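The values are calculated or read from the model by the stated rules, or taken from the named source; none is laboratory data. Predicted, not measured: the structure shown is a model, and the values here were computed from it. So basically every Cβ, Gly included, is an ideal-geometry build from the backbone, and we count neighbours across all protein chains shown. Heavy atoms of the whole protein, side chains included, go into the accessibility calculation; ligands, DNA and RNA do not. Shrake-Rupley method; radii C 1.70, N 1.55, O 1.52, S 1.80 Å.
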Protein chains: 2
Amino acid sequence: MTQTRKRARPVKRRPPATPRLALTRKAPIDGALDAELFRALSDETRLSLVACIAKCGRACSVGEVALCCSVDVSVVSRHLALLARAGVLSVRRRGRVVAYALQYDELCESLHALAAAIESLKPAENLSKGACNDGCC
Amino acid sequence: MTQTRKRARPVKRRPPATPRLALTRKAPIDGALDAELFRALSDETRLSLVACIAKCGRACSVGEVALCCSVDVSVVSRHLALLARAGVLSVRRRGRVVAYALQYDELCESLHALAAAIESLKPAENLSKGACNDGCC
DNA sequence: ACTATATTTGCATCATGACGCAAACACGCA
DNA sequence: TGCGTGTTTGCGTCATGATGCAAATATAGT
């Protein structure tokens, strides 16, 4: 199954000359940029809920979390469900109480993967700030 | 200026009993959750522009980037300006051409800082999935 | 089965954002 | 100075999302 002949070379290919050409180039960053995740984290109210649950270090019920902010409990319910769909929180029902907890490991992994994907694309210093913009380099 | 007496103890304090109490607790995650950054990355069109510029590995002009997607160049101009305001891209004017480049280092640093902030809040395994939800623990 | 509590859902409202088009603007060059 | 190209801005339109309230639903306990 694994390649037995030579082994994939870990060399960094020359970057595409233009952004248009970059479109066709596959890179780890393609899978690491998750719009749904970022959208879930793009609202201040949701971020405050995430911070509360994160700092609490345990699963929190909808009602509990609703005490952390000024919006209606129905709004909190919707926010938490959205965060769970995006993978930020896990959800578990215990009786009539629904408890949401931070997905510590999964989140950290996603963030590290994205950082690594970005790092792998970082060019030599002389190119990073763009010596030219006409595709000559 | 720096504390000369004892040195801040690096011990992990017991987490707040309820999310409501967590509100008053300061933690690195408070500064690491940047809604503006996440909002900038929450749009699919913008993400495709970011990926193009990232893979290209150099500063790209507005016109160049506009060739990467199907939206109007004016829309691309707005997207890139927004990404620059959020710290995702750097912007530099060269004559009448405006070139945007990925902020590789700054982005990676933000992502790592957030991951570290999350990691620092991760509780012992038995607590993470919530043994109770009434503030008893 | 009835009741109380926890959560979700339907609906209306208001704000924000993505988009295209056209006009305005900026700047290098003749 | 006038022209051409690259970029931004003004404006209207359409879609999406955040919010609150009330009603519906779920479930534990009596």
Region B:34-121 accessible area per residue, 1.4 Å probe, protein heavy atoms, integer Å², reads 41 Å²
Between A:Thr45 and B:Arg92, Cβ-based FRET efficiency (R0 45 Å, step 0.05) works out to 0.80
If unit charges are put on Cβ atoms (+1 for Lys and Arg, -1 for Asp and Glu) and the dipole of region B:34-121 is taken about its Cα centre, the option from B:Thr45, B:Val88, B:Ser77 lying farthest towards the positive end turns out to be B:Ser77
The answer for trypsin sites (Lys or Arg not before Pro) in region B:27-125 that fall in a DSSP coil and have at most 16 neighbouring Cβ atoms within 10 Å is B:Arg96
Computed on Cα atoms, Rg of region B:34-121 relative to 2.2 N^0.38 Å comes out at 1.13
homo-copy label distances at B:Ala124 (7 angstrom along Cα-Cβ), nm, one dp, ascending, are 5.3
Extend 7 Å from the Cα of A:Glu119 along its Cα-to-C-beta direction; within region B:78-92, residues with backbone N under 20 Å of that point are B:88-89
Note: B vs A interface, total accessible area buried (1.4 Å probe; ligands, DNA, RNA excluded), nearest 100 Å², is 5500 Å²
at B:Ser70 the sorted inter-copy label distances (label 7 Å from Cα on Cβ side), in nanometres, are 4.3
Mean separation of Cα contacts under 8 Å (at least 6 apart) over the residue count of region A:23-78, i.e. the relative contact order in percent, is 22 percent
Taking Cα pairs closer than 8 Å and at least 6 residues apart, the relative contact order of region A:32-120 in percent is 32 percent
